[in-house]
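Notes for the one structure printed next.
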Amino acid sequence: MTGFLALEDGAIFHGESVGAPGFAFGEAVFTTAMTGYQEVVTDPSYAEQIVCFSAPMVGNYGVASERSESGRAHARGVVMREVRGPAWTDWLLERGLPALSGIDTRSLVLQLRRGGAMRAAVVAGDASVEETLRAIQEQPTMVGRALCESVSTPGPYDYSEAGRARIAVVDYGCKRSILRRLAKAGAAVAVFPHQAEAEELVGFDGVVLSNGPGDPEPLGAQIATVRALLGRVPVYGICLGHQLLAIATGHDTFKLPFGHRGANHPVLEKATGRVLVTAQNHGFAVRPSAAGEAAYVSLYDGTVEGLEFPELNARSVQFHPEAGPGPHDAWPLLETWVEEVCSGIAKAA
Amino acid sequence: MIGSGPIVIGQACEFDYAGCQALKVLREDGFRTIVVNSNPATIMTDPGFADRTYVEPLDLEGVAGVLARERPDALLPTLGGQTALNLAVELAEAGILNELGVELIGAGIDVIHRAEDREQFRDTVRLAGHRVPSSTVVNGWADVPRELTFPVILRPSFTLGGHGGGTARSEDEFVGMLERALSESPVGQVLVEESLLGWDEFELELMRDRNDNVIVVCSIENLDPMGVHTGDSVTVAPQMTLPDEAYQELRDAAAAIIRAVGVETGGANIQFARERESGALRVIEMNPRVSRSSALASKATGYPIAKVAAKLAVGYTLDEIPNDLTGTTPASFEPTLDYVVVKFPRFAFEKFPGADRTLGTQMKSVGETMGIGRTFTEAFLKARRAREIDDAWEPTGLHPWFEAELARVGRAVEEINSLDALVADDFLRLKRLGLSDREIGVACDASEDAVRARRRAWGVRPAFRRVDSCAGEVEAASTYYYSTWGEADEAPPVSPAVAPAGQSPAPPLPDTAGGTVPCGAVPHSTVPSGPAPPAAPETTGKRGVVVILGSGPNRIGQGIEFDYCCVHAAQSFRALGFETVMVNCNPETVSTDYDTSDRLYFEPLGIEEVLAVCEREHPVGVVIQFGGQTPLKLARALEAAGFAILGTPFDAVDLAEDRERFGSLCRDLGIAVPDWRMASSQSEAIAAAEEIGYPVLVRPSYVLGGRQMAVCYEPEGVAANVHPGSRFLVDRFLEGALEIDVDALCDGATTFVAAVMQHVEEAGIHSGDSSCVLPPPGLDAALRAEIEETVSTLAPALGVVGLVNVQLAILDGSVYVLEANPRASRTVPFASKAIGLNLVDAACRLAAGTRLADLHLPALNDLQQVSVKAAVFPFRRFPGSDAVLGPEMRSTGEVMASAADYPTALAKAERAAGRPLPASGTAFLSVRDQDKRAVVPVATALSRLGFALAATSGTARTLAAAGLAVEHVRKVAETGEGSTVVDLLRRSRCHLVINTPQGSGARTDGYRIREAALAARIPCITTASGAAAAVHAIAHARGEDVLSLQERIDAQPRTA
């Protein structure tokens, strides 16, 4: 069965349908990670997005349940140059995900780089191109969209019960790798829904604001909660969590033209002058301010990649220290933070 | 900077590529650069590339001499392969670096030892939390563990490409192999280790800077499993079969190991074995330097590893170095690929009959190709066909993923029924799999042309995509392209030809680029002649596009010399105002550096791919005379498609190669050629030989590198060398003739004889294997004039516009032409350096329409220096194959040495080739009957020099009869008392072997002598003339200070 990808600017990319039949709308984005397709598609931050892999071949090594970053697929559609099955294609089909192979993905990447991430539709099967393009125009844009409600946990739960420090993770669309890394660092991890109140969280030794999809700006209640936490408990923000912390501390966020998605992004750690090769997945970024809180900057485009508020005992990174998929260069960041939280406990005692 | 010396198996032009990149950035950074390399065919030894260039032997003496004279601040040994690294260790351990205050940069001695010494490496890896295969270091029999579980692998320390190692499957095999491995290791140390046969093999290319930033440039996966040397494996990048968590585990391990070993400023590669099911990892080895894999990784990703490594070595950090391809992002990122790259080895087993073809831990391939495609199979098939040879590749234990991919191709081929049944979608599908027009044609019994015509009629054409290091994420002005199918074309549009295609090249323009500098002169005093773009941008391209066809994979007979020529051609045409386009598929080369030309198309040199490039580039001309035989094979089809050949037209090639046409041309010109006949059967060949008179030279028509060429002394020999089905040439063999090689320039009318080189070995030894000397010591003025006259008559008659190489023989005062090649020859780089004239540049100017007279070439009558070129051979890699010189070329590379006189230059060349002539000791002689007379003066001279003589019975009688004291040594086959020659060699009681072959093959006595000499690393001379020259050199070579190429050239008087 053939299919196509339609972009809101009218561009059409033809391919072969290799996933579920039907169609899906979403924001077309690309990732340059060469491995980790299953992790990407199950990462809740890809909610409401159609993800294009720039990697030449996808599906080579099949699937494994432990690779999923959440309980289900979050991307709306998958676009590839050359898919390999059957494990991966079956997986896509079972999860009802429309997917296309045989797409001129490099041209698509170049188009998105120049025109920015944009609204799009994946059509698996026959459909009118005109109608599809019209329907795309009726879809909401990513700017202004609050999405964490649709991907957050419905209620609190404990991820790991034993640990040297008790860490609360606010789930705006949290990846399992974050929980795994925290537990590995020796923390007892409790997960809370996105609308958790500050009072539920301040009793913990530290709070992690997780990654998640969508625009951070409309998340007023969540931002208020973060603000209420600051200074009362150590806070660590990742990706969307970083953006929420930024807004809570008076920064602005803005939409990047096509975002950063991949596993090779160099980030400068200003304190040490060292470079971390990081996993990234974000469409929005924090606008730099004169305050000099940017502890990490992207060596690609100079955007803010991390903030540090020592007086508030809060910090955050735009990239993904938990990796999954991607390099582990930034694993120590989470470990160090957990250590700091632990030594904070010791001091208090 | 130390280069890597001659091309040998395991160390090819990747280090020229690395060295060139490094020299370029270091000079840009304001460093005064000094390079030492004995290989004249390298771009890095061009006089414009470094401030001082020493073409000197890469041994302790040679390099120490340069260091003492130049007193550099630092020595950079990490870009010249294992040779440079080993030399750095020697220099440090001899105290020379300390004494001269030279700092070792790139990798310190302790780092080199931690990476290279097996025991230290094992401990270091353990400290980093990883494992090497369980193993024991063996310095002698006493160290061998009592219980070994076979198979075990033997790896000698400090050898090239795993040289001398292997897999022993039984106790019996182990005994012989350990002996050999111990003797191969310069430190007499061998690692006996756990065999990981059947594990998967991965390689990671890393960079680390002084801030401890580590990045992985590229992951490479081997298709051949562990046990096959990675240089002999088909490899793919990026790795295809590992999930993210497994890949990151490798990445973490690699980073931990590079830190533990302590490579602080530069590149390294680390090889891993991984058991497919359990995921168990073993660290196999690490090179704390730029390697063959780094060259591959650079070409595969667009990340210039050597350039970055050089900058790191002088103190930059990764984030301070820009990514060349994007310009806006730093080198501190990890390239991401949106295509697949496959590397294929190219072997030359046909050159070494008797040698074991089994692939193992010792590298045997002589070259490699790389293919780029959007899928694995596309890249695989491109790399495979780019080898220009149909060698089977049948690995064992292929990962099921690769097996399935290849099966996909097999099925698609089987499903092809007839050409007429194929429609657009079919073509697209087959092309996207990677099949060529020819391969589709073979499947449906159609010609390649017919397939192409039908495919094009269906509108199926290739598209070109960029290699940009970042999968399109960052804007990149890269001009590095590959073809694929069914996608948008990304190459910038090229306006159709400035001059219509199919017509003659651009009209001659007044030469503005050269100014008052004599054109063609090596421009070392004006501009660097490196691959850096020397032309002013405003002039670039105004004369249209020139497509330069490269020489494909290195192979015996077609090596780096041709790449050298192609690189120079790119520079020269650029300087002449053309836009240059390079087509090549060899990842090791300088020509496939994206900096070398205006646009690089990394494509197989097949007619399909080259036509596709030409159709999109609309060149004013295609340059075929610099890439050896490979581009010549395409010339006819290119002309037929309406593309002009720049310079010498194809007809000249045909005229020179078609023996009948060439024979009648020579007859008309009054040029003598050895009597010859054409034969298409054994009986015809024998009849021809009888007419001509024995000995005769028998060979198939159209050959390069002397394939299947044989000197025959009797009808049985002729019969054995003529095979039904092809046409054979039977030539009179001029036994004992002096052979001469001439490189000349011609503009179609006038000829400039640039270099007359005399072979050291007599006629019958392939010119590529013979040592040669310039100026020729054995020619008087009259003979020289006759040779020049002959060449000057022949070149314009052939229609040469550019370079021509003529081989001549002189016998009894008569000059014969053996063959003419209207293209750049193997000797062009050597000759250019010896005479101080850039012959390729001059040839390009001629091809672009300049007249010879307007080049104002200097007279070259009084060369102040004698230069010798000597070949190096891979015999040690091919036990079982006879180490004797003959009409079939078998050398992989060459060295050059210059000195004030011939013996000194020759002795130095032998040193550079790794065969230093002994000054004293015992000389063993055993010669065939024809050489008995010639051996007497040789033996007499040796005796006068204080050598003791030993000989087998026949030779001993001859020598005794001449009044020489000689020890009689038993032949291996002879029964009786006393030592055999092989015993003598094994016990190191012999220091020079002179053995001319009675016959060749594994059963002869001579073979055993030569094999023993090879194993004992004792110089073994197999020709009478070679022996005479060597003895002359031993007697008369003088100690001489090193001198740079620049000084040699400046000392050369020039008159225009």
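Taken together, the values in this text are just the output of simple stated rules run on the coordinates, not laboratory data. Remember, predicted model here, so these are calculated numbers, not experimental data. Every residue, glycine among them, receives a Cβ derived from its backbone with ideal geometry; neighbour counts consider all protein chains shown.
Overview of values
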| quantity | calculated |
| --- | --- |
| Cut-off 11 Å between beta-carbons: net charge of the residues surrounding B:ALA12, Lys and Arg +1, Asp and Glu -1 | -2 |
| Cα centroid separation, the range B:18-58 to the range B:932-971 (Å) | 45 |
| Segment B:ALA782-B:GLU103, extension gain: residue separation times 0.36 nm, minus the distance between their alpha carbons | 239.1 nm |
| Spatially proximal lysines relative to B:LYS908 (Cα-Cα < 17 Å; intrachain offsets below 8 disregarded) | B:LYS833, B:LYS869 |
| Residues of the range B:97-114 with amide N under 15 Å of the 7 Å Cα→Cβ point at B:GLU320 | B:106 |
| GluC sites (Glu not before Pro) lying in DSSP loop within the range B:266-352, provided at most 11 other Cβ fall within 10 Å | B:GLU277 |
| Ranking of A:ASP252, B:ASP224 by count of other Cβ atoms within 10 Å, fewest first | A:ASP252, B:ASP224 |
| Residue-span extension gain [B:SER418 to B:ASP123] - 0.36 nm each, minus C-alpha spacing | 100.0 nm |
| Computed [θ] at 222 nm, deg cm²/dmol, chain B (DSSP H ≥ 4; -39,500 (n - 2.57); rounded to nearest 500) | -10000 deg cm²/dmol |
| Taking chain B and dividing mean pair separation by its residue count, relative contact order in percent (alpha carbons under 8 Å, at least six apart) | 11 |
| Part-to-part distance (alpha-carbon centres) for the range B:71-129 and the range B:306-345, which is given in Å | 24 |
| On Cα atoms only, tilt of A:220-229 relative to the major axis of chain A in degrees | 30 |
| Gain on full stretching of the segment that runs from B:GLU716 to B:HIS1036 - 0.36 nm per residue minus C-alpha separation | 110.9 nm |
| Unit Cα scatterers, Debye sum, chain B: log10 I(q)/I(0) for q = 0.08, 0.09 Å⁻¹ | -0.81, -1.05 |
| 25 Å Cα cut-off, lysine pairs counted over the range A:148-348 (separation 8 or more, or different chains) | 4 |
| Order by protection proxy (mean Cβ within 10 Å, highest first), peptides B:599-607, A:14-22 | B:599-607, A:14-22 |
| Reachable lysines, given that their alpha-carbon falls under 16 Å from the alpha-carbon of B:LYS431 and they are not under 8 places away in the same chain | B:LYS382 |
| Paramagnetic reach from B:HIS968 (point 7 Å along Cα→Cβ, amide N under 13 Å) across the range B:976-994 | B:976-979 |
| The range B:196-232 versus the range B:549-603: alpha-carbon centroid distance in Å | 27 |
| Whole-number percent relative contact order across the range A:148-348, with pairs defined as alpha carbons under 8 Å at least 6 apart | 19 |
| Exposure proxy order (Cβ contacts within 10 Å, fewest to most) of B:LYS351, B:LYS869, A:LYS270 | A:LYS270, B:LYS351, B:LYS869 |
| Kyte-Doolittle mean at least -1.0, axial Cα span of 24 Å or more - DSSP H helices of chain B | B:244-261, B:781-798 |
| Förster radius 60 Å - calculated FRET efficiency between A:GLN137 and B:THR750, Cβ distance, rounded to 0.05 | 0.25 |
| Neighbour-count order for B:GLU14, B:GLU173, fewest beta carbons within 10 angstrom listed first | B:GLU173, B:GLU14 |
| DSSP-defined antiparallel bridges as percent of all bridges, chain B, nearest 5 | 75 |
| Helix A:105-115 axis, angle to chain A major axis (alpha carbon atoms, nearest 10°) | 60 |
| Angle between chain A longest axis and helix A:331-348 axis [Cα atoms, degrees, rounded to 10] | 30 |
| Counting DSSP beta bridges with both ends in the range A:2-137, the antiparallel % (nearest 5) | 65 |
| Check: the protein assembly as shown dipole with +1 on Lys, Arg Cβ and -1 on Asp, Glu Cβ, in debye | 1020 |
| Inter-probe distance in nm under a simple model that places probes 7 Å from Cα toward Cβ, at B:GLU350 and B:THR149 | 4.3 |
| Mean separation of Cα contacts under 8 Å (6+ apart) over length of the range A:2-137, as relative contact order % | 38 |
| Inter-probe distance in nm under a simple model that places probes 7 Å from Cα toward Cβ, at B:ARG989 and A:GLU197 | 10.1 |
